[in-house]
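Before any comments, here is the structure.
Bear in mind these aren't lab numbers, they're just calculated from the coordinates by the rules spelled out. What you see is a predicted model; the values in this text were computed from it and never measured. For neighbour counting, all protein chains shown are included, and Cβ atoms are generated from backbone atoms with ideal geometry for every residue, glycine included.
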């Protein structure tokens, strides 16, 4: 049993460890370690295509995660007021958004967007007074929309769990003590769900930042970091890719640990 | 504000439905200023629904709730001059004790000066004997202390009415009796109306000056603790408030003679139409003796169980033809021979006037 567990963990983590190890390789060859060097990190950071992709990824991840945090929290609060049966339906729909494969979300979003653009662009063109009407197209907007939509479900799940653990009692107590619903939300509810909203934001950020599949379908001509990595890997694995992967790995781990910490912290003091 | 009414709370034909379920039906009730009312009943009897309708957390489906003579239908909880002590205290975990207590005062408009708030918070904490605890975090307080914070948080606002939802249910027995006395003292000192919801008849009888016994969404009896205990209007009240021995009997045509199942007859203290009846007798109204009393009504039976309670003892006595009786007997001396042993033959004596008779259909 112990051997099996060891094997499973080795199988899981050896490739990742190798990526990290070879990102510090002095040589170019990916099969032998010839000495320690951080030169590939320097190369990666001075690669303009790569930096452009990183910038795109950061913009998309921050924007979509912020939208997801705001609307996901609103959805979580709104769902509190639904009847049991309606809420069960919405719960199911939100859970479905999380389990639907990325490839399906990617294709579905692409088809939907193309249909919508195909309908709206001629309308805009007809109404536009000037010569060059703006055209809706795939790009930042479409990736942000696609990421925001499915990470919103994630935020809703996390915030909803926190709200449920607060109970109706303190909301009623606040109302009993002359606080309007808005004051109750600002002074009683919000301070206690802020950690879970932040946790949701960070998870949404990592989801978006790491996502390849959905972005690949709806990115249009934009390149995100995972898309760049995928494209350059077809020209062979370079230690530069290993350096990028290591940086993404570290950043994601840090964010996820912070998110975990935020989700746990308040539940134990309650 | 001069108040228009001498009643703090009034229910006018109040009915509350949740979908197809009716929680309370046609409740009419007035609570005079300064009263200590206990809504007493088993769970699901509608007592909490009544309390929540006063607090503004529920709105009546029909009828109206009035506070201080003003109709409250549609008025949200945050605009009502009442405060509630919640069953699980519902303290704000991210505030300290002082911030919890000051919360209501800080919401009041026109604004209250910060100095005045500090003074009143300190006074309220003093009143519940939590003087040195102002800066404590809520999770650093024991259950009893949290309960006092909840109390201070409510009374600091000087509401017309204080609502208490099973406030002592989560405390242990010793703390509970201490808090019962404290609540009573507090109510007398403040002079505000208290409405207490409880399923514990002892709590209701010991604290309140008006007890409202409820069951299945209706008021069964409204009266002083003594009235409710000594003169229950029906079998439900007799059973729920205190313990009761039920004796199946038939009322003779004269309306005063009770014919028991074993054939014996006793004179009823109360007139009732003839037919099947239930005679109810309190456990403490029966005297246990080893020898038959020379006069008066008595049954002969065998002790089956004894529960020793210190200052008193409870006996179960089986009487042939009449069933099992529960008897509470005070100890008259330190002598152990006072205690009757299981298996002993005893006589049960009682004053017929202590018997309450109810129609058998009214259960």
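What to note about this one:
- Summarising the strand pairing of the range B:7-236, around 55 percent of its internal DSSP beta bridges are antiparallel.
- Cα shape, the range B:128-192, gyration tensor, a/c 1.5 rule: oblate
- Between the C-alpha center of the range B:48-105 and that of the range B:147-199 there is a gap of 15 Å.
- Mean projected area of the Cα convex hull of the range B:7-236, taken over all directions, amounts to 12.9 nm².
- Taken over the Cα atoms of the range B:244-359, the convex hull encloses 95 Å³ per residue.
- Gyration tensor (alpha-carbon) shape descriptor, chain A, a/c threshold 1.5: oblate
- Taking every DSSP helix (H) stretch of at least 4 residues in the protein assembly as shown, weighting each as -39,500 (n - 2.57) and dividing the sum by the residue count yields a mean residue ellipticity at 222 nm of -15000 deg cm²/dmol.
- Relative contact order (%) - chain B, alpha-carbon pairs under 8 angstrom, separation at least six: 15 percent
- Separation between Cα centres of the range A:126-181 and the range B:217-282, rounded to whole Å: 64 Å
- Average Cα contact separation per residue, the range B:244-359, under 8 Å, 6 or more apart, as relative contact order %: 33 percent
- For the segment B:75-86, counting C-beta atoms of other chains within 10 Å of every residue's C-beta and taking the mean gives 4.
- Ratio of Rg to Rh over the protein assembly as shown (Cα coordinates, Kirkwood Rh, two decimals): 1.17
- Relative contact order %, the range B:10-106, counting alpha carbon pairs below 8 Å whose residues are six or more apart: 25 percent
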